[in-house]
Every structure is written in C-alpha cells, then in structure tokens.
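As structure tokens, the structure follows; a few thoughts come after it.
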Amino acid sequence: MLKEERQQKIIDILNIEQKVIASDLSQRFTVSEDTIRRDLKELDSQGMLKRVHSGALRVGPPITDFSYRETVDSEIKRVLAHKALPFLKEDSVIIIDGSTTNLALVKEIPHDFRATIITNSPPIAVELAQHAHIEVNNIGGIFYKQSMINLGVETYKNLQNIRADLYVMGIYNIDIDAGTSVPTVQEAEIKQQMTRVSTEVLGMITNDKFGTISNAIVGPVDDLSFLISEDIPEKVRKEYNKKKLLLID
C-alpha cells in the first residue's frame with residue numbers, strides 16, 4: 001500500500017471512530033508503529049488531525065468569525081438551548097461565557113426571569129439588556145474580536161471575586177480522555193477560572209464536537225456537571241456514562 005493511500009485510510013478511520021491508536025493502526029496496516037507515527041506526524045503538520053500521546057484525534061472546526069458561526073446549525077442550537085433552560089434557576093448567580101450556542105440559550109430566557117448573569121461576552125450582555133429582572137455583570141478585558149469575548153488579566157481578576165451557582169461553558173472541542181479544549185491559552189485560562197468559581201458547570205454541543213481537540217486544554221470532562229447534545233452515538237454515550245457528568249440528549 002502506498003503511503004498516500006495508507007494516510008487517507010487513517011483519516012477515513014479517524015472520521016468514523018473519532019480517534020485512532022498507533023499500535024492498532026500498526027496491526028491493521030501490517031506496518032511498524034514508527035511508520036504509523038511518521039504518518040500521524042505528517043498528517044498533523046497538514047492540519048488533518050491532532051496527534052496525542054498514543055495516537056490521534058480529529059481536529060476541531062476551523063476558527064471562524066462569530067457572526068458566521070451564528071448562522072451554522074442555528075436550529076440545532078435552539079433545540080439545545082430549550083433543553084438547557086430548566087437548569088437555569090431563578091434568583092441564582094449564573095456565568096455564561098461567549099459562544100453562539102450560549103447566545104442561542106440567552107435568547108430563549110423568558111423576559112420575567114430573575115437572576116444575576118455574569119458574562120465576558122458583549123453580544124450576550126446586549127441580548128440581556130431587555131430583561132428587566134436580570135442583573136447583568138459584563139466582565140471587561142481585552143476584546144477578542146473573532147470570538148466576541150473579553151479575555152486577559154482584567155477578566156481573570158474580576159472572576160476571583162465571584163461565586164456562581166452555575167457556569168454555562170461554551171465548548172469548542174471535547175474528548176473523553178483529553179477533556180475540553182479551545183484554540184488559545186488565554187481563553188482556556190478564563191474558562192478554568194469560571195469553572196473554579198462555580199458550583200455546577202453545564203455545556204451544550206452539537207454531536208460533531210465529540211472526539212475533537214484543540215491546542216489549549218481547559219479541563220477533564222468530569223469538570224462538567226451536565227452535557228447536553230443531540231443524536232448522541234451509542235459508543236459515545238457508553239463512554240460518557242462512565243463519567244460523573246449527566247449526559248442529556
């Protein structure tokens with residue numbers, strides 16, 4: 001088998017199984033593990049996958065502008081938002097960070113809902129402006145235009161003085177072993193701090209994000225209390241049911 005053909009088959013297997021193990025691929029293709037590692041290294045350099053210790057995972061979606069992501073899977077995001085609404089309790093303190101799925105959730109909050117909502121996302125703060133009974137704390141920082149969120153030292157310091165009942169985490173990538181991850185260290189640090197100051201953590205994802213990874217790890221999947229998705233593959237369901245979080249679809 002030619003190298004190019006083997007590497008394409010590796011990508012095909014990865015897309016179906018969500019992760020590949022070097023030792024397993026070595027047996028499947030009857031080649032050495034060193035050959036497989038070289039294949040994975042080349043594919044990683046081409047942006048086709050992300051190498052991890054024992055093999056590789058699928059890469060996350062490309063980084064695109066917030067306004068574009070708002071238009072993608074908008075109906076699915078609305079469905080996820082409806083599933084998440086019961087977890088938002090009145091008269092509680094809720095952190096909601098920036099993501100288009102989280103913005104979809106905020107748009108579904110009833111106008112008579114009473115709570116304090118803390119966010120580092122200006123679009124979410126603006127969306128909450130018409131909610132007379134919600135106190136909005138818009139955390140400042142350096143404005144990251146592509147994701148429409150505030151990051152940096154100021155954001156981090158403001159979170160040190162907060163204790164929240166629930167944190168709604170915008171999830172970029174998630175893997176059962178690698179945990180949740182995002183493209184930048186700065187965003188990972190803010191999400192880590194939001195997790196630390198919150199009693200419970202909720203995430204919403206489309207099912208194509210399972211088994212993907214980015215460069216900056218936020219934390220293990222056990223940091224999540226609730227994970228809401230749709231049409232969860234049975235293999236994924238069995239894996240996540242072994243964890244502490246409550247998986248909902």
_Between (i) 19.4, 66; (ii) 16.8, 48; (iii) 17.1, 55, which entry matches Rg and Dmax of the Cα atoms in Å as derived from the coordinates of this structure?_
(i)
_Accessible surface of segment 68-200, 1.4 Å probe, proportion on carbon and sulfur as whole %_ = 51 percent
*Do the sum for the chain: with -39,500 (n - 2.57) for every DSSP H run of n ≥ 4, divided by all residues, what is the mean residue ellipticity at 222 nm, to the nearest 500 deg cm²/dmol?*
-10500 deg cm²/dmol
*asked:* Rolling a 1.4 angstrom probe over the protein chains, ignoring ligands and nucleic acids, what is the accessible area of residue 90 in square angstrom, nearest 10?
replied: 100 Å²
_Distance from segment 96-117 to segment 213-243 (C-alpha centre basis), Å_ = 22 Å
*Enumerate by residue number the trypsin sites (Lys or Arg not before Pro) in segment 153-249 meeting two conditions: DSSP loop (anything except H, G, I, E, B), and at most 12 other Cβ atoms within 10 Å of the site's Cβ.*
163, 242, 244
*Considering only DSSP beta bridges whose two residues both sit in segment 125-249, what percent are antiparallel, to the nearest 5?*
40 percent
_Quick check: the angle from helix 33-45's long axis to the longest principal axis of the chain, C-alpha only, nearest 10 degrees?_
40 degrees
*When the chain is modelled as a GNM with alpha-carbon springs shorter than 10 Å, which of 44, 177, 165 fluctuates the most?*
177
*Between the helical axis of 74-84 and the dominant principal axis of the chain, each derived from Cα atoms, what acute angle in degrees is found, rounded to the nearest 10?*
60 degrees
*Given a Förster distance of 25 angstrom, what is the FRET efficiency for residue 108 paired with residue 16, based on the Cβ-Cβ distance and rounded to 0.05?*
0.15
*What share of the DSSP beta bridges in the chain is antiparallel, in percent to the nearest 5?*
35 percent
*Note down the net charge around residue 128, summing +1 for each Lys or Arg and -1 for each Asp or Glu among other residues with Cβ under 15 Å from its Cβ.*
-4
_If the elastic network links every pair of Cα atoms under 10 Å, which of 175, 39, 97 fluctuates the most in the Gaussian network model of the chain?_
39
*Under a 1.4 angstrom probe, counting protein chains only, how are 48, 169 ranked by accessible area, largest first?*
48, 169
*Excluding residue 225 itself, calculate the net charge of residues whose Cβ lies under 10 Å from the Cβ of residue 225, where each Lys or Arg counts +1 and each Asp or Glu counts -1.*
-2
_Exposure rank, largest accessible area first [172, 144; 1.4 Å]_ = 144, 172
*Rounding to the nearest 20 debye, state how big the charge dipole of the chain is about its Cα centre with +1 on each Lys and Arg Cβ and -1 on each Asp and Glu Cβ.*
440 debye
*Between residue 241 and residue 90, what is the FRET efficiency for a Förster distance of 45 Å, r being their Cβ-Cβ separation, to the nearest 0.05?*
0.90
_Per residue solvent-accessible surface (Å²) - the chain, probe of 1.4 Å_ = 49 Å²
*Rounded to 5, the percent of DSSP beta bridges in segment 152-222 classed as antiparallel*: 45 percent
*Going by alpha carbons, how many degrees (0 to 90, nearest 10) lie between the helix axis of 185-196 and the longest principal axis of the chain?*
60 degrees
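The values are calculated or read from the model by the stated rules, or taken from the named source; none is laboratory data. Source: prediction; values computed, not measured. With ideal geometry, Cβ positions are generated from the backbone for all residues, glycine too; neighbour counts draw on all protein chains shown. Surface areas here come from the heavy atoms of the whole protein model, side chains and all, with no ligands, DNA or RNA. Shrake-Rupley method; radii C 1.70, N 1.55, O 1.52, S 1.80 Å.
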